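Structure record follows, encoded as structure tokens.
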Amino acid sequence: MASVKQRPDGVWRARYRDETGREYSAHRKTKREAQAWLDERTAELVGGTHLAPAKARVTVGEWAETWLRGYERHRASTVRQARVHVRVIVEDLGSRPLRDVRPSEVRQWVVQLAARDYAPSYVYALHRRLSQLFADAQHDGLVAKNPCSRRTSPAAPKQRPYVATTDQVWALHDALPEHFRPVVLLGAFAGLRVAEIAALRVEDVDFMRGVITPVIQYPAEPLKTEISKTPIPIPPDLAVMLNANPVHWGSSTIVVGAFGRPVAPYTIETAFKDARGVVAGLPEGFRIHDLRHYFASLLIAAGLDIKTVQARLRHASAKTTLDTYGHMWPDRDESSRAAVVAALRSTPAAPKAVR
């Protein structure tokens, strides 16, 4: 039921009921304004985009605060990253009602972010976070559509990783204090991430069989994904080298500080940065994580197939491995030509030129 009626004081009241039978009303100075409001609400009901007025008034900032409270079920490091992203979003769009944000406004926001000299990867991450906020708001019935899409998104950053040479890897190893040298061994020859390196316990390494099984990441949190728990085979020589700290210090972890106790990733990264500075040819931004790229290059150069490399790097999918390291696989053009030629030559009516 919908109606537009004039009250005794001359104000026009428009009324309607939603699909649940709940009544809403608005008061306007003229009949035309009241009818226009009613027509908009009716169109929303018919089109399935209707929102209760209370929900329609929720701002980006208000929703972000609610969203973050629900997001706290994730790992602490993941929540911290989300808070950093949300802080930027709220500063720029926090006062805007959720339902009023349009795709054109999102595109303009992306351009403004780039103008602040944010890295393309960071702008891309902020857009993804905004899209996540709106997707969850849509699921919660606060907006009818997500204004973020591929049309509003900046281009996904595609950077080929820097791969250190073997000489650079060993130079890094030698430049570190002895108790930190397993950092390079675990990164370059087992592909562990820095939070996994810091948390790797003696009990997580089978020195006899030569197997590393990551279980936790620093400080004592679950690994990011189930695939991250995949065991990593290592040769006996590496197992012996990794056992040096536990033998010397009687430590519970493979990597230790100057006094034989476990250390945080920040402490490891600080020492790594100092060591990086004395290794010729390494880019200024070279990270411990980049040792994984060296590990991947070793496996690929050895002729391992994509599924094996995926398993050793503990990627969730082969697509991730290919997107990151596809360019490292050797060129197979001549091999494919040879395969076609072999098939052509096996044909009885093959052209003489082919023979």
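The values are calculated or read from the model by the stated rules, or taken from the named source; none is laboratory data. The shown structure was predicted, so the numbers you read here are calculated from the model rather than taken from an experiment. Note: ideal-geometry Cβ built from the backbone for every residue, glycine included; neighbour counts use all protein chains shown. Just so you know, the surface numbers come from the protein's heavy atoms only, side chains and all, with ligands and any DNA or RNA stripped out. Shrake-Rupley method; radii C 1.70, N 1.55, O 1.52, S 1.80 Å.
Summary of computed values
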quantity: Angle in degrees between helix 31-47 and the longest Cα principal axis of the chain, rounded to the nearest 10; calculated: 40 degrees
quantity: Whether the range 196-258 is rounded, prolate or oblate, judged on the alpha carbon gyration tensor where a/c under 1.5 counts as rounded; calculated: oblate
quantity: Net length gained if the chain between R102 and R80 were fully extended (0.36 nm per residue, minus Cα distance); calculated: 5.2 nm
quantity: Loop chymotrypsin sites (Phe, Trp or Tyr not before Pro), the range 131-172 (other Cβ atoms within 10 Å of the site Cβ: 15 or fewer; DSSP); calculated: Y162
quantity: Top positive-direction residue, dipole computed over the range 80-138 with Cβ charges, set L93, Q138, Q81; calculated: Q81
quantity: Translational diffusion of the chain, µm² s⁻¹ [Kirkwood Rh, Cα pairs; Stokes-Einstein; 37 °C; 0.692 mPa s]; calculated: 129 µm²/s
quantity: Listed residue (Y124, Y294, V4) projecting farthest to the positive dipole end of the chain, Cβ model; calculated: V4
quantity: Selection from P265, P222, N245, by position along the positive dipole direction of the range 150-299 (Cβ); calculated: P222
quantity: 13 Å Cα-Cα reach of K145 towards aspartates and glutamates, excluding residues that sit fewer than 8 places from it in its own chain; calculated: E44, D100, D136
quantity: Rounded tilt (10° steps) of 120-139 against the dominant C-alpha axis of the chain; calculated: 50 degrees
quantity: Sequence-separation-based contact order of the chain, relative, with Cα cut under 8 Å and 6+ spacing, percent; calculated: 12 percent
quantity: With Cα atoms, 0 to 90° folded angle of helix 291-301 axis to the chain main axis; calculated: 60 degrees
quantity: Magnitude of the charge dipole, the chain, Cβ model with Lys/Arg +1 and Asp/Glu -1, debye to 20; calculated: 1580 debye
quantity: The range 73-219: radius of gyration and largest Cα-Cα distance (Dmax), Å; calculated: 21.3, 63
quantity: Over 19 Å (Cα to Cα) - which of K224/K273; K5/K31; K229/K307 fall in this group; calculated: K224/K273
quantity: Ranked packing of 171-181, 188-198, most packed first, by mean Cβ within 10 Å; calculated: 188-198, 171-181
quantity: About the Cα centre, charge dipole magnitude for the range 249-303 (Lys/Arg +1, Asp/Glu -1 at Cβ), debye; calculated: 100 debye
quantity: Stokes-Einstein diffusion coefficient of the range 223-272, Kirkwood radius over Cα pairs, 20 °C, 1.002 mPa s, in µm²/s; calculated: 168 µm²/s
quantity: Gain in span if fully extended, R209 to H289, counting 0.36 nm per residue against the direct Cα distance; calculated: 26.2 nm
quantity: Per residue value of the accessible surface for the range 79-149 (all protein chains in place, 1.4 Å probe), Å²; calculated: 53 Å²
quantity: Translational D in µm²/s for the range 174-282 (Stokes-Einstein at 4 °C, 1.567 mPa s, Kirkwood Rh from C-alpha pairs); calculated: 93 µm²/s
quantity: Residue-averaged [θ]222 nm for the chain, counting only DSSP H segments that reach four residues, each worth -39500 (n - 2.57); calculated: -15000 deg cm²/dmol
quantity: Size of charge dipole - the range 101-213 - debye, nearest 20, with Cβ of Lys, Arg +1 and Asp, Glu -1, no other charges; calculated: 820 debye
